[in-house]
Amino acid sequence: MQIDIRQSCNAAYSKTLDTEGLRREYLVEQIFIADQMTMTYSHVDRIVFGGVMPLTGEVSLPDLGKTFGTAFFLERREMGVINIGGAGVIVVDGVEYAIGSEEALYIGKGARDLRFRSVSADAPAKFYYNSTPAHASYPIVKVTRDMASPQTMGEARTSNRRTINKYIVPGVVDSCQLIMGLTKLEEGSMWNTMPCHTHERRMEVYFYFNMQPDGVVFHMCGEPTESRHIVMRNEQAVISPSWSIHTGVGTQSYTFIWGMAGENQTFPDMDHVPMTSLK
């Protein structure tokens with residue numbers, strides 16, 4: 001498995017980038033490859049993210065200890081996994097967890113042997129994961145859709161009616177710093193996280209899916225007064241540093257998974273950007 005390493009970019013440098021430069025630094029175009037595990041390592045808060053799509057059998061987490069300077073991948077890390085495909089199974093140190101569509105599994109620091117498989121190759125599981133450094137070990141928890149603390153926000157008249165499902169957040173799952181959830185836009189709504197915000201104490205990765213082949217999302221990034229955009233297609237991810245806004249508008253409704261890493265876990269702790277100051 002080849003690891004895609006992305007270095008940090010500050011706001012001043014990012015202003016100089018053209019379209020290809022922005023895509024090279026922040027966009028991850030392919031998350032799922034049949035019978036493989038993909039992995040991107042971002043120097044922004046040391047988050048690792050990618051996908052696993054088993055078809056013909058199990059896909060195992062490879063030996064990454066040397067790469068990460070540890071005895072094994074999760075020796076000093078935690079992981080959250082959300083399945084966006086068909087029914088699947090995650091095996092953690094010999095214990096099986098059945099993970100259905102839009103269900104999640106939190107895996108605490110110290111887990112060694114991770115294996116992923118689909119129940120049916122005709123409807124393969126698609127496991128999207130985030131991993132962050134961890135200082136303590138918390139129990140493994142399966143999170144169903146009913147447990148995911150849903151919160152419906154926005155209005156149809158502003159085209160941002162959406163339901164935020166908080167899978168790995170305080171009060172649902174104990175973790176060191178990882179926060180993950182899934183936001184689903186209602187039919188006819190196209191804007192997410194608008195009015196937009198930044199959060200100085202956390203970075204974020206967005207993963208967009210449930211999009212048609214001819215659909216796109218214009219993901220907004222950059223400083224509030226120096227906004228840019230990246231055109232994204234189905235099942236692509238984008239890195240958002242703490243200084244950058246992160247919002248998007250699609251040509252149709254869509255779904256996205258958000259994952260955060262940083263100093264705190266207070267979900268409402270964000271720096272709102274007045275609509276009048278956006279440029």
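The values are calculated or read from the model by the stated rules, or taken from the named source; none is laboratory data. Everything quoted here is computed from the prediction, not taken from an experiment. Using ideal geometry, Cβ is built from the backbone for each residue, glycine included, and neighbour counts are taken over all protein chains shown.
Just for segment 118-157: of the residues that are among the basic types (Lys, Arg) and modelled with pLDDT under 95, which one is surrounded by the fewest Cβ atoms within 10 Å (Cβ to Cβ)?
To start, the set of residues in segment 118-157 that are among the basic types (Lys, Arg) comprises 126, 142, 145, 157.
Those left that are additionally modelled with pLDDT under 95: 145, 157.
Working: Arg145: 14, Arg157: 7.
If we take residues in segment 118-157 being among the basic types (Lys, Arg) and modelled with pLDDT under 95, then Arg157 is surrounded by the fewest Cβ atoms within 10 Å (Cβ to Cβ).
Residue pairs, Cβ under 7 Å, 6 or more apart or interchain, first in segment 235-249 and farther than 30 Å from Ala34 by Cβ and in contact (Cβ under 8 Å) with a residue 40 or more places away in the chain, second basic (Lys, Arg) and in a strand (DSSP E or B). List them.
Going by the 7 Å Cβ cut-off, the qualifying pairs are Ser242/Arg202.
Based on this model, can you work out whether Val249 counts as of a type outside the set (Phe, Trp, Tyr), surrounded by fewer than 19 Cβ atoms within 10 Å (Cβ to Cβ), at pLDDT 95 or above and in a strand (DSSP E or B)?
Numbers: of a type outside the set (Phe, Trp, Tyr): yes; surrounded by fewer than 19 Cβ atoms within 10 Å (Cβ to Cβ): yes; at pLDDT 95 or above: yes; in a strand (DSSP E or B): yes.
Yes: the conditions hold for Val249.
For Asn160, work out the one condition from (1) closer than 22 Å to Gln236 by Cβ; (2) at pLDDT 95 or above; (3) buried (at least 19 other Cβ atoms within 10 Å of the Cβ) it doesn't fulfil.
(2)
From (1) in a loop (DSSP other than H, G, I, E, B); (2) farther than 23 Å from Phe256 by Cβ, pick out the condition that doesn't hold for Ala98.
(1)
Is it the case that Pro268 is free of Cβ contacts under 8 Å to residues at least 24 places away in the same chain, out of contact with any Pro (no Cβ under 6 Å at 6 or more places or on another chain) and within 16 Å of Thr198 (Cβ to Cβ)?
Numbers: free of Cβ contacts under 8 Å to residues at least 24 places away in the same chain: yes; out of contact with any Pro (no Cβ under 6 Å at 6 or more places or on another chain): yes; within 16 Å of Thr198 (Cβ to Cβ): yes.
Judged against the criteria, Pro268 is a match.
Checking Gly94 against (1) in contact with a strand residue (DSSP E or B) (Cβ under 8 Å, 6 or more places away or on another chain); (2) of a type outside the set (A, V, I, L, M, F, W, C); (3) farther than 12 Å from Glu58 by Cα: exactly one of these is not met. Which one?
Here Gly94 clears every test but (1).
Can you name the residue in segment 221-238 that is in a loop (DSSP other than H, G, I, E, B) and modelled with pLDDT under 95 and is also farthest from the chain's Cα centre (by Cα) among such residues? Step through it out loud before you land on a result.
Of the residues in segment 221-238, the ones in a loop (DSSP other than H, G, I, E, B) are 224-225, 233-235.
Add one more test, that the residue is modelled with pLDDT under 95, and what stays is 224-225.
Working: Pro224: 22, Thr225: 25 Å.
So the residue we want is Thr225.
Is there any pair linking a residue in segment 1-12 that is touching a residue at least 24 places away in the same chain (Cβ under 8 Å) to one that is acidic (Asp, Glu) and assigned to a helix (DSSP H, G or I), with Cβ under 8 Å and at least six apart or on different chains, and which?
From segment 1-12, the pairs are Arg6/Glu25; Cys9/Glu25.
Search segment 78-91 for residues being of a type outside the set (A, V, I, L, M, F, W, C) and farther than 17 Å from Ser60 by Cα, and hand back the single one that is surrounded by the most Cβ atoms within 10 Å (Cβ to Cβ). Show your work before the answer.
Residues of segment 78-91 that are of a type outside the set (A, V, I, L, M, F, W, C), as a first pass: 78, 80, 83, 85-86, 88.
So of that shortlist, the ones also farther than 17 Å from Ser60 by Cα come out as 85-86.
Numbers: Gly85: 22, Gly86: 16.
Looking at residues that are of a type outside the set (A, V, I, L, M, F, W, C) and farther than 17 Å from Ser60 by Cα, I get Gly85.
In this structure, is Ile140 in contact with a Gly (Cβ under 7 Å, 6 or more places away or on another chain), among the β-branched types (Val, Ile, Thr) and either over 17 Å from His246 (Cβ atoms) or without any contact (Cβ under 8 Å) to a residue 12 or more places away in the chain (or both)? Outline the logic, then answer.
Numbers: in contact with a Gly (Cβ under 7 Å, 6 or more places away or on another chain): yes; among the β-branched types (Val, Ile, Thr): yes; either over 17 Å from His246 (Cβ atoms) or without any contact (Cβ under 8 Å) to a residue 12 or more places away in the chain (or both): yes.
Here the answer is yes, as Ile140 does meet what is asked.
Looking at the structure I just gave you, is Ala11 surrounded by fewer than 19 Cβ atoms within 10 Å (Cβ to Cβ), out of contact with any strand residue (DSSP E or B) (no Cβ under 6 Å at 6 or more places or on another chain), among the small types (Gly, Ala, Ser) and on the phi < 0 side of the Ramachandran plot? Step through it out loud before you land on a result.
Numbers: surrounded by fewer than 19 Cβ atoms within 10 Å (Cβ to Cβ): yes; out of contact with any strand residue (DSSP E or B) (no Cβ under 6 Å at 6 or more places or on another chain): no; among the small types (Gly, Ala, Ser): yes; on the phi < 0 side of the Ramachandran plot: yes.
Spelling it out, it is not the case that Ala11 is surrounded by fewer than 19 Cβ atoms within 10 Å (Cβ to Cβ), out of contact with any strand residue (DSSP E or B) (no Cβ under 6 Å at 6 or more places or on another chain), among the small types (Gly, Ala, Ser) and on the phi < 0 side of the Ramachandran plot.
Within segment 122-170, track down each residue that is β-branched (Val, Ile, Thr) and under 23 Å from Thr266 (Cα atoms).
If we filter segment 122-170 for residues that are β-branched (Val, Ile, Thr), which is where we start, we get 132, 140-141, 143-144, 152, 158, 163-164, 168-169.
Thr132, Ile140, Val141, Val143, Thr144, Thr152, Thr163, Ile164, Ile168, Val169 - these are the residues of segment 122-170 that are β-branched (Val, Ile, Thr) and under 23 Å from Thr266 (Cα atoms).
I'm told Ala148 meets every condition in (1) touching a Phe, Trp or Tyr at 6+ places or on another chain (Cβ under 8 Å); (2) over 18 Å from Tyr206 (Cβ atoms); (3) of a type in the set (A, V, I, L, M, F, W, C) except one. Can you identify the failing condition by its number?
Evaluating Ala148 over (1) touching a Phe, Trp or Tyr at 6+ places or on another chain (Cβ under 8 Å); (2) over 18 Å from Tyr206 (Cβ atoms); (3) of a type in the set (A, V, I, L, M, F, W, C) leaves (2) as the failure.
Answer yes or no as to whether Thr56 is surrounded by fewer than 13 Cβ atoms within 10 Å (Cβ to Cβ), of a type in the set (S, T, N, Q) and part of a loop (DSSP other than H, G, I, E, B). Full working, then the answer.
On the way: surrounded by fewer than 13 Cβ atoms within 10 Å (Cβ to Cβ): yes; of a type in the set (S, T, N, Q): yes; part of a loop (DSSP other than H, G, I, E, B): yes.
For Thr56, the condition - surrounded by fewer than 13 Cβ atoms within 10 Å (Cβ to Cβ), of a type in the set (S, T, N, Q) and part of a loop (DSSP other than H, G, I, E, B) - is met.
Filtering segment 165-220 down to residues that are outside any loop (DSSP other than H, G, I, E, B) and of a type in the set (D, E, K, R), which residue is farthest from Met260 (Cα to Cα)? Let's see the steps before the verdict.
First, the residues of segment 165-220 that are outside any loop (DSSP other than H, G, I, E, B): 165-168, 179-185, 191-192, 197-198, 202-209, 217-220.
Subset that is of a type in the set (D, E, K, R): 166, 184, 202, 204.
Working: Lys166: 12, Lys184: 17, Arg202: 6, Glu204: 4 Å.
Selected residue: Lys184.
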